[in-house]
Amino acid sequence: MAAPVNGTVTNCLNSAACTFTFNTSAGTGWANTTNGRMSFQLPGEAKASYNLSYSAYIEKLTGTYTYWTIGNFYGTDVNTGNVVYGTTNTNFTITAHCSRGCSYTYTTDNGTVVFKFTRAELTSTSVSCSPSSFYVAGKTTCTITVANLWNSSNVPTGKIHLSAPGLGTFTNHGTCNLTAGSCTLKWHPLDNTNGYVNIAAKYNGNFAFYPSTGSTTVTVNGGG
């Protein structure tokens, strides 16, 4: 499926848990959201995919009991091994039923889900620096590793960029090319650097591999 696939909301049990359906020429499908995770099976797919990352922002519409929830998700489609991502956008109304206590029902006003597709496999980026604690006159060597979370034998390629804004300098301007999934850069702190420093790595990805980021913390002793 190259184009986005669109679905509509069926119902919501609460502000984060909603069910969506798809109806396309390829058949029907479904998606379920919870607080932090999404599961789905798109039209024409043989298997369901579970535990995609899902985050939601919820806002009460002023002067009503109607709420607006917009969510974002991404993860791996188990049928293809490729990354899918997209959004949900739902309005619902909460009604209180009170008699010696209250219960609540959620009435869905409208809602959509949009799935977008890539041809890239999901990656993770990690950074380790040695030494992790050193004096300001010294330097540390940072090794960045990018792993393929779908197929470990298909090793990611491309560029890595390291940053520690305003706190020091990297060799090769903080950029290196992956070889066998990793590369190494040195970092030297500025003379006035002292304490904890966060070193962040960004893998930009490419056609075959999805972008990812990682970070680590080093300690710089400014005492000499």
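Couplings for region 98-110, taken from phi via the Karplus curve 6.51 cos²θ - 1.76 cosθ + 1.60 with θ = phi - 60°, read 10, 6, 6, x, 10, 10, 10, 10, 10, 9, 7, 7, 6 Hz in order; Gly and Pro are left as x. With θ taken as phi - 60° and the Karplus curve 6.51 cos²θ - 1.76 cosθ + 1.60 applied, the whole-hertz 3J(HN,Hα) list for region 200-206 is 10, 10, 10, 9, 6, x, 7 Hz, x standing for glycine and proline. Region 36-99: which trypsin sites (Lys or Arg not before Pro) are DSSP loop and have at most 14 other beta-carbon atoms within 10 angstrom? Listed in order of number, the matching sites are 47. Stretching residue 48 away from residue 159 to a fully extended chain increases their span by 36.7 nm, per 0.36 nm per residue minus the current alpha-carbon distance. Looking at region 150-224, the chymotrypsin sites (Phe, Trp or Tyr not before Pro) that sit in a DSSP loop and have at most 11 other Cβ atoms within 10 Å of their own Cβ are 207. Amide H to amide H distances under 5 Å link residue 186 with 142, 171, where only residues 5 or more positions off or on other chains count and H is placed in the peptide plane.
Take every pair of alpha-carbon atoms less than 8 Å apart whose residues are at least six positions apart; their mean separation over the length of the chain yields a relative contact order of 15 percent.
Only lysines eight or more places from residue 186 in sequence, or on another chain, were considered; those with a Cα closer than 24 Å are 139, 159, 202. So what's the gap between the Cα centers of region 26-88 and region 146-189, to the nearest angstrom? A separation of 31 Å, based on Cα centres.
Amide H contacts of residue 80 (H built 1.01 Å from N, in plane; Pro and chain starts excluded): no residue 5 or more places away or on another chain comes under 5 Å. Loop-located chymotrypsin sites (Phe, Trp or Tyr not before Pro) in region 65-104 (DSSP state other than H, G, I, E, B) with a sparse environment of at most 16 neighbouring Cβ atoms within 10 Å: 65. Phi angles of region 22-34 translate, via the Karplus equation with coefficients 6.51, -1.76, 1.60 and θ = phi - 60°, into HN-Hα couplings of 10, 9, 10, 5, 7, x, 10, x, 8, 8, 10, 10, 10 Hz per residue; Gly and Pro are given as x.
Where a number appears in this text, it was derived from the coordinates with a stated rule and is not lab data. The model shown is predicted, which means the values in this text are computed figures rather than measured ones. With ideal geometry, Cβ positions are generated from the backbone for all residues, glycine too; neighbour counts draw on all protein chains shown.
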